[in-house]
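The values are calculated or read from the model by the stated rules, or taken from the named source; none is laboratory data. Being a predicted model, the structure only gives us computed values, none of them experimental. Cβ placement follows ideal geometry from the backbone for every residue including glycine, while neighbour counts extend to all protein chains displayed.
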Amino acid sequence: MDWSQSLRLIAPEETLSVASLVLLLVAAWGGDKAAKLISVLAVAALVAAGILVAPALCGGAMGAETSAFFGQYRADAFASYAKILIYISAAVSLVVAPAYFDRFKAMRAEYPVLVLLAAIGMGMMVSATDLLTLYIGLEMNSLAAYVLAAFLRTDGRSAEAGLKYFVLGALASGILLFGMSLTYGFAGTTSFAGISASMAQGLSNGALFGIVFVFAGLAFKISAVPFHMWTPDVYEGAPTPVTTLFATAPKVAAMALTMRVAIEAFGDQAAAWQQIVVFAALASIVVGALGAIGQSNIKRLMAYSSINNVGFMLVGLAVATPQGVSAMLFYLAIYVAMSAGGFAVILMMKDADGNPVEELSKMAGLSRTRPGLALALAMVMFSLAGIPPMFGFWGKFLVFKAAVDGGMIALAAIGFAASVIGAFYYLKVVKVVYFDEPADVVKGESDVWHKLILVGSCVVISPLGFLLTKWLGHLTETAAAALYSGL
Amino acid sequence: MSGFPILSLMLLVPLAAALACLYLDAKSARTVALLATLANLALGVVLWLNFDVGGAQWQFQERHELFSGFSYALGIDGIALLLIELSVFLMPICIGASWNSIEKRVGEYMAAFLLVETLMIGVFTAQDIFLFYMFFEAGLIPMYLIIGIWGGADRIYASYKFFLYTLLGSVLMLVAMLWMVHTAGTTFIPTLMTYDFDPQVQTWLWLAFFASFAVKMPMWPVHTWLPAAHVQAPTAGSVILAGVLLKMGGYGFIRFSLPMFPEASAYFAPLVWGLSMAAVVITSLIALVQDDMKKLIAYSSVAHMAVVTIGLFAFNVQGLEGSMLVMLSHGLVSGALFLCVGIIYDRLHTREISRYGGLAINMPRYALFFLLFTMASIGLPGTSGFVGEFLSLGGIYQASSWTALICTTGIILGAAYMLYLYRRVVFGDQKNADAAAMADLDLREYLMVIPLGLAVLWMGVYPESFIAPMRADIAALDARLARAKPEGDAKLAMGKEKPAHEEAAAHEGAH
Amino acid sequence: MRFYGALRKHIPITFWTMTAGTLAITGVGIAGFVGFAGFYSKDAILEAAFGSGTAVGGFAFWMGIAAALMTSFYSWRLVFLTFFGKPRWIQSEHIQHAVHDAHGHGHDDHAHDDHAHEDHTDDDHAVAELGSRGPDYTQHGDGTGGYHPHESPLVMLLPLLILSIGAVAAGFVFNHAFVSEGTGEFWKGALVFHEHLIHAMHGVPTWVKWAPFTVMSLGLLIAWYGYIKNLSFPKAVAEQLGPVYTFVFRKWMFDELYHNIFVRPAFWLGKVFWKVLDIGVIDKFGPDGAAWVVARGSTYAQKVQSGYLYSYALVMLLGLVGAISWVIAG
């Protein structure tokens, strides 16, 4: 293990870091007028980073040669898979931003830079094989995210969202750090492999505390119940492109990170945390669904929907098998497509003055005035509800298949039954859009980028998405195998 | 015909037409929908003609491996064939029923209906268990939209109830399917049908499937979504709901529950009998007091479906064939009855029975067809209703004479509520001037009711046409069930013929 | 029938076919010689009942004789009331309407449209008057109200004629093949043919053979007396019988009995099953109940989501404490 190899392995992070620093300078000199150019360049940087990670994924990179900096970092197929999803999500949030911020004259040059910085942090999170790398990645992402949430400085809701996210995020970081120090104290090392080795002999109470605290800190990031409280407020308050980012990339990063910590560091002690994960999964499904039902704001509804979906993904984690991990990864990919599609629809709904329409009641009868948009929204909703033949069904199918194959039939049955509660509020959106008399609020032309994102994600979540299953299934299995090879 | 993917074509025609309808104006959407459904009907005829009765169990098979143990596998046996024929037969009639009565968003409506057709045929042709599930489940979406957009006043409640109720039933089934595939290592339905699951586990699997099919069927007491959905759905929606979608429950029993879990089926047979008995009596009585025509027929559907379930769980050929025939007959008859309601609803825009009366005077031809379908619903010999119900009840008598006794009251009660309905609507005085002014059937309506009437009579007079294709499949199923068959209480035995000389001796003795 | 009378001349073909049917159903015929269709069947049944020689057979025979008497009476009563006597159909509301309509049209022709409205009110009055004056109000005074029934169309007459041929001749033609001694061959086992019973039938005493004919004649005689000869006789009998008459007139109260035993409980049960069981129990504790629970849960979930940072932090910490306790306890 030499430095040159390590540096080669972190090439995507290097690319993004250099790009973000250069773009920061451009922003400093070019001002907000350069914002669009910077956005384009930032997307280019993300594409470049994506190209750099792709070989590791396609080649199924795993094992010792993917490990960099003396076991602190790993660039295996698992990390690559997550990174590609993260980069795509970040790119989406960049692409949809100008049309939204222009309306408020707030398209600032810092936005793309912050997104890039967040992407670096997320990339580090999914590659972390050491508690410290984990923490640095997580904080790097979080700090960028706090700023992004409050990006519309003049908007009270946005500022509130940023502040809430920051304070609660700090609390979660504290919990995470406390858990990490406990783990370090009892394991004597911060590397995942070391922790796993030291815990192989059995768990002391202190180490158990450590595990619980670490999971609690991570649960905040993936907004699993009961650490989900920030989600609706932040989703609603943050500017919609930022919400698009929050709903996708950090979810992927935190979920992948949680998987790696759970499997690589605490994998031998699965029995200790499985029950907590099962509880968090079911609680997230139920609370997410219940919370969503009463919502009148579609962004809040999407926030609860994300909590609900996280619950389903956690079912895959609770199984703690390669199949479960692979199912979760698959679910994440579909989830990214569904969220991107959903938020693209939200971005495209504007009233006659160009102000965003977020109230469900104002979307009434959308199918008469904007049939295409309504159809896309309906597809997203049915897909999120997991109704076949929408592709969202496949994600749920895989995690529950993993659960059944892993012998957790009760979990699968309860989880599936609870998904019916969730179906209710997705149906409610369809009802408002299709059954109700038109409110005729949504007007105006949509941005071409929004349309592109929407069409792209709708193709993925449509039944055509099933054509991807073979290829994507292979990738997720490779990635899951890579994760397990580190044991 | 071998090699030609006719089943795929039958899935594709309505699907393509559905997509086209989304972009067409009202007039052309109607035409396209009608042509597509007629084309599918023609394909259905071709399918039937080419079906080799007595040939291989599975015919017209297509199979393409898609991914991870999940394949696009189609194929039909006689049972599926008949249900497909029923679907393609009813579809043009549904389009016809919606011709004038649907005025808003016609393109979307036709698209939804054509999508329903694709999914129905998909359910009956799927040979991959997950493919089946996808078709089974996906049917909820267009039906939800049909009820919710084009339904009556209380359509929102009804559409939610329909969707969530049936969804809750089927998610449990999916878990069971996952387990089965995990254990048996295949998703191929014909293989699964011969796989022997551990009887202990069968209990759970059976219950999971039961949750889905019982709701879909619907069996008492999970039937309450049906009256709501039927009443609120537009006429054609009711026709297809009663005609085909309910049959998916019965098809599920006959395709999954019975052959895959014979022991569990036998174990739970008394439960099914009990629920069926309750359904027959309770829902028939409820039908008797309805003031809403559609609700009345909806409740009568529950009662008829109970006759299907007792036939299925009679564990003999008679019962199985009977329940299949009841399903087919009920598909035609209840569809026709909903159509009859729709015909007068289009004129007067009310389903209230008391708003009609004396229609025999101003609508004599309508009265004739309504009477035919009423009689078929009652199960008059010579109509389709009789054959199936007789066989079903005959079948269950061998297994449980009490069940047969109670369920037979359903026939009497059926006559009561149907004739009572008919008397109030068609006979009596012309109490309401607007009802008295309604015109008799027009050409479009003739074209809908005459084929239905002929089919009802055909099945009543010569049921062999419908029994022949499924005879071998039913026999195979019966053989499969033989090992778990519960001992009947009727203990039927062929009587011995009295020797001729004995009779003569008695005669002599009298002298 | 109360509104018929004297139809013999108006609808002669119907009259004659009806008479043929009545002759058949009352079993007119000469024992051992010839008769209408009903004669053969009725005689065969009664003789067989008697000839079986059992107590049950004897009972059946006497009941049969009684029934034959009554059949004869009511059948001839039907014929006499319908086809003989005086026309009474003006008393029927239905005919009154028909006559009135025809009358009204005539008015319209005369009055044209000057008095169209007035004419209409006149009509309304006319109906009222017609109703109040009752049977006495006739222009013709002969009970017809000027309304003259006509023969049925061919589509009705043809079946009538064919059937009356059967009524007259079917017994004579088929008697030998069906019930004669030694002709069990005809049935070829399709029916159980008791040769000895046929034998016994033919051996019954002569009075048994003549009994059906006698009671038939008796019934005919009573009907003739009551409905042709002495029209006040039936009324007197009915008054004499009082409650018995009412009881019988109301069909032994079977309709009421059935209504109370079957119909009303069925409707009551249906209502109970529907309102109480379906809506009140199944829906309430099933789907609607579940929806209610979910709605309440949703309300609570939103209450917890207060928007205050401290409550969010509290929930997080409570969750943490809960997880720790769970792990320690487990």
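The table below lists the values:
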quantity	calculated
Hits in segment B:251-289 (condition: in contact (Cβ under 8 Å) with a residue 40 or more places away in the chain, surrounded by fewer than 24 Cβ atoms within 10 Å (Cβ to Cβ) and within 12 Å of another protein chain (Cβ to nearest Cβ))	B:278, B:281
Which listed residue, of A:433, A:460, is more than 9 Å from chain B (Cβ to nearest Cβ) and either under 18 Å from residue A:367 (Cα atoms) or not in a helix (DSSP H, G or I) (or both)	A:433
Output for segment C:240-290, where each listed residue is basic (Lys, Arg) and touching an Asp or Glu at 6+ places or on another chain (Cβ under 9 Å)	C:250
Which listed residue, of A:137, A:174, A:210, is more than 30 Å from residue A:106 (Cβ to Cβ) and either more than 14 Å from chain C (Cβ to nearest Cβ) or in contact with a helix residue (DSSP H, G or I) (Cβ under 7 Å, 6 or more places away or on another chain) (or both)	A:210
Residue check, residue A:338 within 29 Å of residue B:71 (Cβ to Cβ), touching a Gly at 6+ places or on another chain (Cβ under 9 Å) and either free of Cβ contacts under 8 Å to residues at least 40 places away in the same chain or within 13 Å of another protein chain (Cβ to nearest Cβ) (or both)	no
Selection status of residue C:271, charged (D, E, K, R), at negative phi, part of a helix (DSSP H, G or I) and more than 9 Å from every other protein chain (Cβ to nearest Cβ)	no
Whichever residue in segment C:300-315 is within 20 Å of residue A:217 (Cβ to Cβ) and more than 8 Å from chain A (Cβ to nearest Cβ) and, among such residues, is surrounded by the fewest Cβ atoms within 10 Å (Cβ to Cβ)	C:310
Test: residue in segment A:318-330 that is surrounded by fewer than 24 Cβ atoms within 10 Å (Cβ to Cβ), farther than 20 Å from residue A:78 by Cβ and out of contact with any Leu (no Cβ under 8 Å at 6 or more places or on another chain)	no
Single condition residue B:170 does not satisfy, out of (1) within 24 Å of residue A:402 (Cα to Cα); (2) more than 9 Å from chain A (Cβ to nearest Cβ); (3) surrounded by fewer than 22 Cβ atoms within 10 Å (Cβ to Cβ)	(3)
Any hit, segment B:112-125, residues being within 12 Å of another protein chain (Cβ to nearest Cβ), out of contact with any Phe, Trp or Tyr (no Cβ under 7 Å at 6 or more places or on another chain), under 22 Å from residue B:70 (Cβ atoms) and β-branched (Val, Ile, Thr)	yes
Selection count, segment B:397-452, where residues are assigned to a helix (DSSP H, G or I), over 24 Å from the mean Cα position of the chain (by Cα) and of a type in the set (A, V, I, L, M, F, W, C)	7
Output for segment B:51-84, where each listed residue is assigned to a loop (DSSP other than H, G, I, E, B) and away from chain A (no Cβ under 14 Å)	B:51, B:52, B:53, B:54, B:55, B:56, B:57, B:58, B:77
Some residue of segment A:406-423 being more than 14 Å from chain B (Cβ to nearest Cβ) and out of contact with any Cys (no Cβ under 9 Å at 6 or more places or on another chain)	no
Hits in segment B:185-196 - residues which are surrounded by 17 or more Cβ atoms within 10 Å (Cβ to Cβ) and within 14 Å of another protein chain (Cβ to nearest Cβ)	B:187
Test: residue in segment A:55-65 that is crowded, with 23+ Cβ neighbours inside 10 Å and either closer than 17 Å to residue A:248 by Cβ or modelled with pLDDT of 85 or more (or both)	no
Filtered residues of segment A:169-213 (kept if closer than 16 Å to residue A:268 by Cα, within 26 Å of the chain's Cα centre (by Cα), surrounded by 18 or more Cβ atoms within 10 Å (Cβ to Cβ) and not hydroxyl-bearing (Ser, Thr, Tyr))	A:192, A:210, A:211, A:212
Enumeration of residues in segment A:131-149 that are more than 17 Å from the chain's Cα centre (by Cα) and either buried (at least 23 other Cβ atoms within 10 Å of the Cβ) or of a type in the set (S, T, N, Q) (or both)	A:131, A:133
Unmet requirement for residue B:411, which otherwise passes all of (1) of a type in the set (A, V, I, L, M, F, W, C); (2) more than 22 Å from residue B:90 (Cβ to Cβ); (3) in contact (Cβ under 8 Å) with a residue 40 or more places away in the chain	(3)
Some residue of segment A:187-207 being at pLDDT 90 or above, of a type outside the set (A, V, I, L, M, F, W, C) and in a helix (DSSP H, G or I)	no
Close pairs from segment A:376-400: first more than 9 Å from chain B (Cβ to nearest Cβ) and surrounded by 24 or more Cβ atoms within 10 Å (Cβ to Cβ), partner outside any helix (DSSP H, G or I) and of a type outside the set (Gly, Ala, Ser), Cβ under 8 Å, at least 6 apart	A:379/A:390; A:383/A:390; A:383/A:391
Subset of segment B:50-67 [farther than 11 Å from residue B:78 by Cα, of a type in the set (A, V, I, L, M, F, W, C) and under 25 Å from the mean Cα position of the chain (by Cα)]	B:60
Residue A:65, sole failed condition from (1) touching a Ser or Thr at 6+ places or on another chain (Cβ under 6 Å); (2) under 23 Å from residue A:474 (Cα atoms)	(1)
Among residues of segment C:184-232, those that are at pLDDT below 80, surrounded by 13 or more Cβ atoms within 10 Å (Cβ to Cβ) and more than 24 Å from residue C:54 (Cβ to Cβ), counted	1
Restricting segment B:137-165 to residues that are part of a helix (DSSP H, G or I) and either touching a strand residue (DSSP E or B) at 6+ places or on another chain (Cβ under 9 Å) or more than 10 Å from chain A (Cβ to nearest Cβ) (or both), the residue that is surrounded by the most Cβ atoms within 10 Å (Cβ to Cβ)	B:146
In segment B:103-127, the residues that are crowded, with 24+ Cβ neighbours inside 10 Å and outside any helix (DSSP H, G or I)	B:126, B:127
Hits in segment A:220-230 - residues which are at the interface with chain C (Cβ under 8 Å from one of its Cβ atoms) and not aromatic (Phe, Trp, Tyr)	A:225, A:226, A:229
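One line per residue, one yes/no per condition, for (1) among the β-branched types (Val, Ile, Thr); (2) more than 14 Å from chain C (Cβ to nearest Cβ); (3) part of a helix (DSSP H, G or I):
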{"site": "A:270", "(1), (2), (3)": "no, no, yes"}
{"site": "A:275", "(1), (2), (3)": "no, no, yes"}
{"site": "A:288", "(1), (2), (3)": "no, no, yes"}
{"site": "A:300", "(1), (2), (3)": "no, no, yes"}
{"site": "A:304", "(1), (2), (3)": "no, no, yes"}
{"site": "A:309", "(1), (2), (3)": "no, yes, yes"}
{"site": "A:312", "(1), (2), (3)": "no, yes, yes"}
{"site": "A:315", "(1), (2), (3)": "yes, yes, yes"}
{"site": "A:328", "(1), (2), (3)": "no, yes, yes"}
